[in-house]
Structures are given as C-alpha cells and as structure tokens.
Amino acid sequence: MTSVKKGKRLYRILDFARVVQIFENKELFFARPSSWDDPYEKILNHYKKDSIFSQCWSLSDVSDAMWRIYSQNGMGVRISTTVGKLGEVLKASARNMDVSPREIKYNYRLEKVKYMTPVEVRDEASKIADEMLHSFDIGRAVDMLYVKRLAFKHENELRATLYFPCDKNLSGKGVTVPIDPHEFIDRILLDPRAPDEVIKAFKIYFKEVLGFKGRVGRSALYRVPKSIEIMTKEISVKDI
C-alpha cells in the first residue's frame, strides 16, 4: 500500500464547517481529480477518469504555507490521523460499498506524491499514454495522480485514491466513505492567526457539542518565544 510507516501522522486543513460535517455525517469525501483546480491533475484524459476518486493529506505537521492556503480568514481547522487509520478506511471501503441495489468492489492506493518539473510531468503523461495505446491499464492511469509539479512541493503530500469500477455515472464531484470520526481523528488544531474568541468558540463546539475527546488547541506556529537578552557592556576608549 505504502512505504510510509503506519504510525506516521497525517494532516489536513479544512474549513470549520467541513470538519463539523465529517463528525455529523460520519464520512470522508473523496473528490474526482477532474474537479480540482490544478490543470496538471487532468493532463491524462481517459475514459475511466470519472471512476477515480482521491483525497489529499500532508506529512508536514508545521507549515505556514498550508495554513495560509487552506485556512481562509483564520477559520481553518487542522485534523490529524495516521497512515494506518487511513489505510484501514481505504481497505474497508475497497471490500464493499453499497451502490443500490448491489455491492460493488473497488481498489485503492495510498502513496506519497513525487514532485517534478512541468516538463517532467508532461513527459511522464506522454509515456503513460504511449504505453496504453493498445491496452488500457487503470494502475498506470492512476500513476499520473502521484506526480505533481515542484510548485506544490510544500504540500509534502500523501494521496489516497479509490478506483470505483462502476458503469453507473455517479452524480456529483465525488463519493463518501463511512468512518467513525472520533476513532479516525485523534487531534484538532486551530489556525494560529485566529482571534481568541474564535478559538474559544471552536473549542467549546468540538468538545461540548460534538463530544470530541482528543486534543483541541491553537497551532503554536506564531506563539511568541521568550526573548533572549544580549548582555554587553559599553566599550570605552580605555578598553581598546
């Protein structure tokens, strides 16, 4: 599945409302890559593209860039889990998913993303396309989702992908899989730039309304460190 150790922690920064939805609906959303903003995510066009669904996690625990990109107006919430827990969710989903009126099996992948130059990404896409001229291989098609441009290297991404081999044209931009959010999510951090009032309100909501038992706190990214005094004496002419 992946060479990353099961105990390695993973992170996602989402809008507060989306995190609440995870707890209330008890499910994770996997999007079609065709709905993403990055055009290079869609550079390989094939007839099975609408049967692939992905979700992005970061291996970086502290990232100013990630807070600024994914936490709008200081309202972002960082959830964390482990590679092992995410892998179990994928495995359970791969065993079966109810798509009325029948059960349909599908495969999954959980791997780190490799970062390349734009030219290297295009070359990789052309290589994969050439290999599949006469025989389509969904595994090779999905390989393209595990290379990104160097401009995104700050994401340090581990990507989870589900292949749903269903002839039915699913509506919407993705699919959801069931989870126990209280078991899956082990920590919650709030935007380091958020006002104290927002931090207090979010803590109350997660703890008292949603009943989350794990840690909820503000990111320490911008915590002011203890100042260090430089003790020097004025140099006089006699000291020279």
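Assorted remarks:
- Subset of the range 7-37 (residues that are at pLDDT 95 or above and charged (D, E, K, R)): LYS8, ARG9, ARG12, ASP15, ARG18, GLU24, LYS26, GLU27
- Qualifying positions in the range 190-235 - open to solvent by 90 Å² or more (accessible area, probe 1.4 Å) and touching a His at 6+ places or on another chain (Cβ under 8 Å): LYS213
- Pairs with Cβ under 6 Å, 6+ apart, first in the range 68-79 and at positive phi and at pLDDT below 95, second basic (Lys, Arg) and not in a helix (DSSP H, G or I): GLY74/ARG193
- Note on the range 144-167: residues that are modelled with pLDDT under 95, touching a strand residue (DSSP E or B) at 6+ places or on another chain (Cβ under 7 Å) and not in a strand (DSSP E or B) total 2.
- All strands (runs of 3 or more DSSP E) inside the range 3-85 with 3 or more residues being crowded, with 20+ Cβ neighbours inside 10 Å: 9-15, 52-58, 76-82
- Taking the criterion of being open to solvent by less than 80 Å² (accessible area, probe 1.4 Å) and either part of a loop (DSSP other than H, G, I, E, B) or modelled with pLDDT under 60 (or both), the residues of the range 86-117 that qualify are ASN96, MET97, VAL99, ILE104, TYR106, VAL113, THR117.
The values are calculated or read from the model by the stated rules, or taken from the named source; none is laboratory data. Owing to the predicted nature of the structure, the values given are computational and were not obtained by experimental measurement. All Cβ positions, even for glycine, are placed from backbone atoms using ideal geometry, and neighbour counts span all protein chains on display. We work out accessible area using only protein heavy atoms, side chains counted, and drop any ligands, DNA or RNA first. Shrake-Rupley method; radii C 1.70, N 1.55, O 1.52, S 1.80 Å.
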